[in-house]
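To start, the structure itself, in structure tokens.
Laboratory data are not the source of any read-out in this text; all were calculated from the coordinates shown. Please read these numbers as outputs of a predicted model, since none were measured by experiment. Note that each Cβ is placed from the backbone with ideal geometry, even for glycine, and that neighbours are counted across all protein chains shown.
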Amino acid sequence: MIQTKNLKKIYTTEEVETSALNQINLSVQEGEFVAVMGPSGCGKSTLLNILGLLDNPSEGEYHFVGHEVSRYSERQRAHLRKANIGFVFQSFNLIDELTVFENIELPLLYLKVGGNERRKKVLEVMERMQLIPRKNHFPQQLSGGQQQRVAVARALVARPKLILADEPTGNLDSANGDEVMSLLSQLHGEGTTIVMVTHSPAYSEYAQRVVHLFDGHIVTENFNQKFHV
Amino acid sequence: MLSNYLKTAWRNIVRHKGYSFINVFGLAVGMAACLLILMFIRDELSYDRYHREADRIFRVAAHVRFGGMDRDIGTVPAPLAAACRQEFPEVEQAVRFREQGDFIVRHGERSFTESRLIFADASVFQVFNLPLRRGDARTALAQPRTIALSETTARKYFGAADPVGQTLRLDNQEDYRVGAVFGDIPSNSHFRFDLIASLESLEESREQVWGNNNFFTYLLLRPDSDPAALQAKFPDVIRKYLGPWLRQALGRSFDEVLTSGARLEYYLQPLTAIHLHSQLATELDVNGDMRVVYVFAAIALLILAIAAVNFINLATARSAGRAREAGIRQVLGSERRQLMRQFLTDSLLMSGLGIALAMLLAAVALPWFNHLTGKAIALAGGGIGFVAACAVPMALLVGLLAGLYPAWKLASARPVEVLKHRLAAGVRGGRLRAGLVVFQFAVSMVLIVGTGVVFRQLRFIQDKNLGFERDQVLVLQNAHLLDKQAEAFKNEMLKHPGVVSATISGFLPVPPSNRDNSALFPKGAIESSRTVMAQNWRIDPDYIKTMGMNIAAGRDFAKERPADREAVIINQAAARQFGWREPRGRQISFPQDSQLKSFRDRTVIGVVEDFHFDSLRSPIGPLVMFLGESNDRISFRFQARQTTAVLAGLKRLWQRFAPGQPFEYAFMDERFAELYGAELRLGTILGVFSALAILVACLGLLALASFMAERRTKEIGIRKVLGASVAEITLLLSREFVKWVVIAALIAWPLAFYAMNRWLRGFAYRTDVSIGLFMLSSLLVLLIALLTVSFQAVRAARANPVDSLRYE
């Protein structure tokens, strides 16, 4: 599903060039659950942004579901993104002015899904996330864990092939964190591909493979034993 | 999708109630002001267009140079209309108006003073669109002593009864039979008559005198005729008709008169151009002024611009806060144009709310605005449609302008940057916003200076030594009704302890007043190059004393000297015009007929100091005064604090002398103030609108300042942790605005200086544009800006630093 070749990302400010990613060669198979770990500033989020088609690499190739997308325009990327990728962020990134239902509905709106079907799909995913009682609440009225559940629901609603999670438990207490992780793991069990950035060694245990990043390089790749028994 | 946009936009508005209110309210105030002014402009431009043949109707005006004076007049000789019909095949119909001043009109017990009575040819109903309610257009004014009434006037005299065939008595002398009733003349007309009497009634309408210009003359041209070509034919016609008359009257040929420097040119004024473009020495009514329309249009645009600037500023400021939403939407699959569309929907919704509120505000303010401008604009009829037709594009324009920049900025940013708050700097649009605020400040300053200069000039006029004392003078109108008893009335009134002195004369330095501009000659030099055109005022021996005028040389008239009947007192301007350094003892020849055959010579016994008898817009012209009968008005100078007593005494006496006649009076200082009604109105309107502009600008500033403080919350927190005081933080946040005010002043000063100097040039006697006014306007703007900004700054600075840091 994902294949990168010598991926490079360089940030240029007025005076200095900072290399955020260097020679990244990474492939993720369909149905895989990959965790990306590493210290602050090692390039985790940059990698995730590029993988999520939110940003272009400075050099190298990136094959996503068979397309070479490293030179795609924002418009082309947006097109590919909305059909294939769901995002979960550390800071939830819900829209404050929209209700739980409307937030979850948003990706379907951009995919131009018809009204009835949209409703059906949203309710389906809400039911699964046990969000039905919160349907008309606004994000500010929910706890952190609940907000992240909404964000996960939103990432799921369009049935994307890939879910990218950027420290999804970073703003949550351990109980809520566990809940979100079991959700992701459940999705993975159903066949969804997941790439997750995390600081927590415990939560990285949920992944099949852990990629360690340091100063923009992949330093190690560990396969989780429990999945390979 | 649109409903999603609207939902988000609406919830955004509701969530940020304060900002939304400021934004929408500021926009609404600006738009309402703009709508009102547009209605005013529409009304001004609509004058006389209601006539079916408006495009084909022209007034004949004349440019005259005689006795070294140039004048443009709207009146021409009586026989010109007939000559035009005879000589020019293009002329389909012609009509003449002759003004004769006020009349006392009586029917049975009802009597009123009518100031809007005109004598007109019977063809008035063919040329102009004056629909008849009763009577027959062809016969209504065909006979002498017939009259047509407006509907309202007819009701006033006859109630519900049919007035046609009834009679009205004019000035207690002549009976006029009512021939027709016409619909009231619309207010957007350059003439507004209540009564139209048949011109046939006046002997002078049939005279072949080419030397007097007393008749307003309108020509209805045939379709497709060329007015310019017609105008080119006037010189030949003048020569043909005026030539023989000149020879007969002056004994000189047309060419001789021309070579002496005299000029007479006729030209055509399109009917629809009269109201805004004609300011001739004779007009049927006070006309508007195209320049005022331009000034108003500029004010409307400026206020709208200020309001729009607020809107744009707030929209961009707020867009930084909405960057996150834009980012999320992009991550979730929104395309750029979808985002653009969304943010445009957003600002269009806001401007839509603004215009809706603006229409409401305008409707509520309309009666007050009418009072301010002296208009009678109504929303009924086409008014509503017009307002809507203006409002919709206005809302679209502002909404698009305000939405476009932030929409484009947000939509073109990368979602990653937006989500990481890296965009803040990009959307801030610091330069743009600074420029826009500077613009607002500059406009406010120009408006303040403008208001200040107008009022300064009004004050200048009030304080100016006019050459006469206008205070504590009561003018009794209609004194001619007293006829031979006028002198007795005056003497009786002088017995009242409050009355200081009194004089009988229709000639006054303030309106309403008689005027007689006639040609005079130094004795023994009856030639056109020596002519002096001067006001000829008939007064009584108490006039100069009662008016508080000063004798510069020689002496006043004296009752006890019968020889003074042949004397004359001239003003300093007349002395200059005659070229006399020592006028006393000189003789002036007064023509006694239009043919310049006989003269009456008068000896100058004194020179009166120049006094203003016209508006301060024009210089003081030559004027001569001699003893003679002019009993239209009696003026009484009274003691201070005796006003009520004198007025009561005057009324009692009037009822004894002229029972049943209308009692009318005026205070001279009030009449004088009315002379400058247009200036007072302009000043008031400028004042009101500059206050509005400042209010709107302040609203924007308030919101902007709070945004800036909000954006710098963290900085403020850190600075306070490091030991900054409240005052230092306030200063930090206000400093930028001070800089902007200074830049605005640099832009505003030259603009205001130029504009107000131009306006002042319209006055022969004027104040200067003082530097203090500029300083004051800028200080005022600075003060208001600082108050507004520091209100927010202090609030931000006093907040607990931990709170502001925790937010991040």
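In this structure, B:N172 and B:A356 have a Cβ-Cβ separation that, at R0 = 45 Å, corresponds to a calculated FRET efficiency of about 0.20. When the pairs A:K135/B:K17; B:K490/B:K651; B:K559/B:K597; B:K490/B:K545; A:K5/A:K44; A:K82/A:K161 are compared against a 20 Å limit on Cα-Cα distance, A:K135/B:K17; B:K559/B:K597 fall above it. Once the Cβ-Cβ distance between B:Q639 and B:V293 is put in as r, and R0 is 35 Å, what FRET efficiency do you end up with, to the nearest 0.05? E between B:Q639 and B:V293, to the nearest 0.05, is 0.15.
Longest stretch of chain A clear of exposed loop sites (trypsin sites (Lys or Arg not before Pro), DSSP loop, at most 14 other Cβ atoms within 10 Å, sites excluded): A:136-229.
Cα centroids of the range A:23-49 and the range B:73-119: 97 Å apart. Across chain B, the relative contact order, built from alpha-carbon pairs under 8 Å that are at least six residues apart, equals 16 percent. Annotation: the antiparallel percentage among DSSP beta bridges lying fully within the protein assembly as shown is about 70.
For chain A, the antiparallel share of DSSP beta bridges with both residues in that region comes to about 55%.
Listed from fewest to most Cβ neighbours within 10 Å, the set B:W408, B:W245, B:W368 follows the order B:W368, B:W408, B:W245. Counting other Cβ atoms within 10 Å as a rough exposure proxy, the listed residues B:M493, B:M533 run B:M533, B:M493 from fewest neighbours to most. Between the Cα long axis of helix B:726-760 and the first principal axis of chain B there is an angle of about 30°, rounded to the nearest 10.
Provide the percentage of antiparallel DSSP beta bridges, counting only those with both residues in chain B; round to the nearest 5. Within chain B, antiparallel bridges account for around 80 percent of the total.
Residue by residue along B:481-492, Cβ atoms of other protein chains within 10 Å of the local Cβ number 0 on average.
Under Stokes-Einstein, with the Kirkwood radius over Cα pairs as Rh, the value for the range B:528-584 at 4 °C and 1.567 mPa s is 101 µm²/s. The label-point distance for B:N514 and A:E127, in a model that sets each label 7 Å from Cα toward Cβ, rounds to 10.3 nm. Helices in chain B, meaning DSSP H runs of at least 4 residues, each add -39500 (n - 2.57). Divided by all residues, the mean residue ellipticity at 222 nm is -17000 deg cm²/dmol. You can think of it this way: the chain between B:D136 and B:A673 has 189.0 nm of extra reach, that is 0.36 nm per residue less the Cα-Cα gap. Rounded to the nearest 10 degrees, the angle from helix B:290-331 to the longest Cα principal axis of chain B is 10 degrees.
Give the cross-link partners of B:K409 among the lysines, using a straight C-alpha distance below 19 Å as the criterion and excluding same-chain residues fewer than 8 apart. Within the straight-line cut-off, B:K409 pairs with B:K420.
Compared with the direct C-alpha span, the chain from B:A232 to B:L746 gains 180.0 nm at full extension, assuming 0.36 nm per residue. Would you mind computing, in nm to one decimal, how far apart the modelled labels at A:S27 and B:A724 are, each placed 7 Å from Cα along Cα→Cβ? According to this spin-label approximation, the distance is 5.5 nm. Once the Cα-Cα distance is subtracted from the 0.36 nm per residue extended length, the B:I551 to B:K17 segment shows a gain of 185.2 nm.
Computed from Cα positions, the angle between helix B:234-250 and the longest principal axis of chain B comes to roughly 40 degrees. Counting Lys and Arg as +1 and Asp and Glu as -1 over every other residue whose Cβ lies under 13 Å from the Cβ of B:R206, the net charge comes to -3. Residues B:L786, A:L184, B:L779, B:L314, arranged from fewest to most other Cβ atoms within 10 angstrom of their Cβ, appear as B:L779, B:L786, A:L184, B:L314. Summarised as an ellipsoid, the range B:256-365 has semi-axes of 58, 16, 12 Å, derived from the eigenvalues of the Cα gyration tensor scaled by 5 and square-rooted, with the largest first.
From the mean inverse distance of alpha carbon pairs (Kirkwood) and the Cα radius of gyration, derive Rg over Rh for the protein assembly as shown. Taking Rg over the Kirkwood Rh, I get 1.17.
The residues packed around B:K523, meaning those with a beta-carbon under 15 Å from its beta-carbon, carry a net charge of +2 if Lys and Arg are +1 and Asp and Glu are -1. If you look at the Cα atoms of chain B, you get an Rg and a Dmax of 33.9, 107 Å. Here B:A161 and B:A378 are evaluated by their C-beta separation; at R0 = 25 Å the FRET efficiency comes out at 0.30.
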